[in-house]
1. Give me the residue from segment A:133-146 that is more than 7 Å from every other protein chain (Cβ to nearest Cβ) and either in a helix (DSSP H, G or I) or in contact (Cβ under 8 Å) with a residue 40 or more places away in the chain (or both) and, out of that set, surrounded by the most Cβ atoms within 10 Å (Cβ to Cβ).
2. Give the residues of segment B:421-446 that are crowded, with 20+ Cβ neighbours inside 10 Å and part of a loop (DSSP other than H, G, I, E, B), sorted by residue number.
3. Restricting to segment B:228-243, give me the number of residues that are buried (at least 24 other Cβ atoms within 10 Å of the Cβ), away from every other protein chain (no Cβ under 12 Å) and either without any contact (Cβ under 8 Å) to a residue 60 or more places away in the chain or assigned to a helix (DSSP H, G or I) (or both).
4. Would you check if residue A:330 is on the phi > 0 side of the Ramachandran plot, at pLDDT below 75 and facing chain B (nearest Cβ under 10 Å)?
5. Kindly establish whether residue B:498 is within 19 Å of residue C:14 (Cβ to Cβ), out of contact with any strand residue (DSSP E or B) (no Cβ under 6 Å at 6 or more places or on another chain) and at pLDDT below 85.
6. Is it the case, given these coordinates, that residue B:117 is under 16 Å from residue A:314 (Cβ atoms) and crowded, with 18+ Cβ neighbours inside 10 Å?
7. Grab the helices (runs of 4 or more DSSP H) fully contained in segment C:144-233, keeping just those with 3 or more residues being more than 12 Å from every other protein chain (Cβ to nearest Cβ).
């Protein structure tokens, strides 16, 4: 029973990751391997803010913003008048500069957990669109395969940057609510209830966003038919940027939820991300409900295998992808695989 | 291997093997070169797998691990001699690759690289958790290689072994790529459907490359274990696997020497960065991955072909002019007269896609030695009908008979084996291969030589005949001047002619041509029409989809007209031209 | 009549192949202009490039302004809509959602009025507004594709093979609707294989062969030209083919 509770809690976090992966893939065809890294960075940022240190993510954000600005200037160099280019560059760089200044100013003051959450979110969320602008927007027409290799490259770079900016030490944040109660034979911690509750709330609001708002529908439309989306005037680059923004926002939520439960290191993100990824694959990178169910399943499988064969739990989780991939690919085998 | 390749390899070998003899080269450099050599082997496999075969793998490091751990266990726990473990290391890697490949190469599109990430992680954790192989600590105290009685301990000693292995692997790989099996592999990326229709077993070709690449990685692992004298799981994790892929991408996936260039750049950069980066950040760590990650993304954005092609362009004077090919001794021709008079019979063929009926109860016949035209407006179901006859699609209802045998339900490969050849509406040639090589793929089923024969060059007699056949067919379609050019450089009309030559290399009894005249100039059309008539004279039958009505009307014996997937008319060209239903189908009703 | 939309010397290539070669055409305000020609003549490529979906050389002008470098999504906002050959509907979304997205670049309030107009034009869409677009029949898909394009209130509507794969009766309805749109002030550029039907409603016509415009003239004149039938079904045997190739 305890294992089940553990599994569901972990599964809820994997579900968030998986949903972000599905969202990004559907809109941009990018398999966002660095999503887990964003989660780890979120957790480490929060941990740094709690102790009043300046989080390394400030420098990471500034670096990404600088790269994005340079790319924006290069891309429009021959197309637009210099005035417009300068304006665009300013638009690209300004948010990062403002946020960085605010964090540098406020972080040492230790203004409490709410302010910390806000600062963490405003550091991590813009990384999504900056990442899209630098790594993926220039490759928008490339095949899924090329985008995947680029995503792996982005992950590699971000892992290294994580080490550079956060160091090799692991951190754990204090839980948002510190309480526990017993329910029959079971001890339920408030944090795990919070995890499940927050996940449900986020999934619900995503569902509403996609079904009720025009922007949400436009994102779905970009996913269903890219050319159709362009033909009704949806700018696909901005849709991609928005999808990355949402993924980064989901990463912040995941980070807030997972950081008190496990010690995070600069490279923990990848393993967490891959488990979300297993779930996303089971859901075929498309169906949200199936993905969420699969994520819970992965969480439970992990909890049980870490109990029975703890040394091999990762082996079991990753081995479980192969038959699923096989099933998926057999089902879609008749889409021509040629480039 | 063509002479230009041989010359290039000889120069490369001389430079590489002379290097350690030079006294002023510091030992540290030699050590780096050993690492480059070992990495080159893995990258070479990846070039074949990813660049040539189109299968991206992030998991090659795991195969290096198989090679390294096998010899580590056998030499330390069982006291085997290192040389004896080489075949066992390769066998272990090969068996593992075969098992993984059986599952993995079936994966399509992006699922395949995802699968390699999954098993790459799996084996890393397995290596790190199995007590028998030392878990996280790995195995140390591996004995060095011996040459006669001399232990090869220093970098200078093992350098020679490593680079001989690299040179042999390059030679073998080049031979393989230029063999019958290799041409099948090279067609995987851009012409799998066409290769399958020429009788190439695409799935088997994929598995072969997969195992071949893994064996090179296993060999690298074996060398690594005896050079480092220790193995730890960290050397075989996913990040290292990504580095190997980066090497292949830098070199330019698809270029054999690019693998060595890529390995050199990555190994050297890693060395420099490992010294420089911690100084920037103030503490130790593997920061080189930042640069590698960024480099990978930038390469994809700026130059997806890697660096090698740019460098190789400077050496182009090395590649000689291809010798003319003697077409006297070709492949043996099959019998054209055996088949009964009624060659192809399509009986009530129906194809549904979901609710849409693309082909509806269509029946027609192609008698032996006839040219039958299949015409109709856009979306009438002509290409679908072609795909039904050639097994690319299965019929929903109805039957297709060929030479008295029922062939619906057979795969394209089985249909090719019955000597039915085809061309494609959207040309499917491997653009990077020469016209001659593309056409030679058509003769795949008429050769026997296997992978090993290709690597060891035991296939020369057969290769000569295959190329003589290919050159002969190229002359027939009038492309002899373009024979040695890359297929991708030809104009569309010429590419269509090359497809016809490839189809003829199959020695077909029935030839299916999908819009062969599109993009041809008037004179070329006349020449093509003359060729098709000559083929009919030789006993071949032809089924032809074409939009150029002059071409169809002057060439065919009968015409079948489709509209909305249904046959609306059938008869001699003159009748069809007067048929009101046909005119209406083409011009529309004046509603 | 001044030209609302002009294409000058447009060329489009796929690798070594020039699918469209230095084509020029113009659509006067309030006119229906049609481009006809056999399969593979380059008509669809021409429209896609005119919409900005494909890179091309040459100049595209709309309402006097050079829009050659404008991305497709901004051309929609400027007043050009394309109904592509594949329809490109959002299959897993409802008819209503498809139409709502058609007005993506406009205000919500104006869009509501346009929605009523589209429903009045295609009552079938109103009946099926909650149905998924992927489940519609061929004719209904074409109506939805046109309806979605009209939601953007285009001044120029480009239609690629609206009759493709449709039964003759539905073709008649669709083309009658197209003719009716002109009365509402929408200019039309119509690409069709169904030459007779297209020439019947058009004011002016261009004939494309192998990527080039070979014949041009008032639609009424071309409708009776025997050369048109030849282009589709091939010339009589006696006539030397060289005469027609250029």
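1. The residue in question is A:136.
2. Within segment B:421-446, B:423, B:424, B:427, B:428, B:429, B:430, B:433, B:442, B:443 meet the criteria.
3. Within segment B:228-243, residues that are buried (at least 24 other Cβ atoms within 10 Å of the Cβ), away from every other protein chain (no Cβ under 12 Å) and either without any contact (Cβ under 8 Å) to a residue 60 or more places away in the chain or assigned to a helix (DSSP H, G or I) (or both) number 1.
4. Against the criterion (on the phi > 0 side of the Ramachandran plot, at pLDDT below 75 and facing chain B (nearest Cβ under 10 Å)), residue A:330 does not qualify.
5. no
6. It is true that residue B:117 is under 16 Å from residue A:314 (Cβ atoms) and crowded, with 18+ Cβ neighbours inside 10 Å.
7. So the answer is C:168-183, C:219-223.
Yes/no per residue for (1) modelled with pLDDT under 90; (2) more than 30 Å from residue C:90 (Cβ to Cβ):
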| site | (1), (2) |
| --- | --- |
| C:150 | no, no |
| C:155 | no, no |
| C:161 | yes, no |
| C:174 | yes, no |
| C:184 | yes, no |
| C:190 | no, no |
| C:206 | no, yes |
| C:226 | yes, yes |
| C:229 | yes, yes |
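The values are calculated or read from the model by the stated rules, or taken from the named source; none is laboratory data. All of these numbers come straight from a predicted model, not from anything done at the bench. Glycine also receives a Cβ, built like all others from the backbone with ideal geometry; neighbour counts cover every protein chain displayed.
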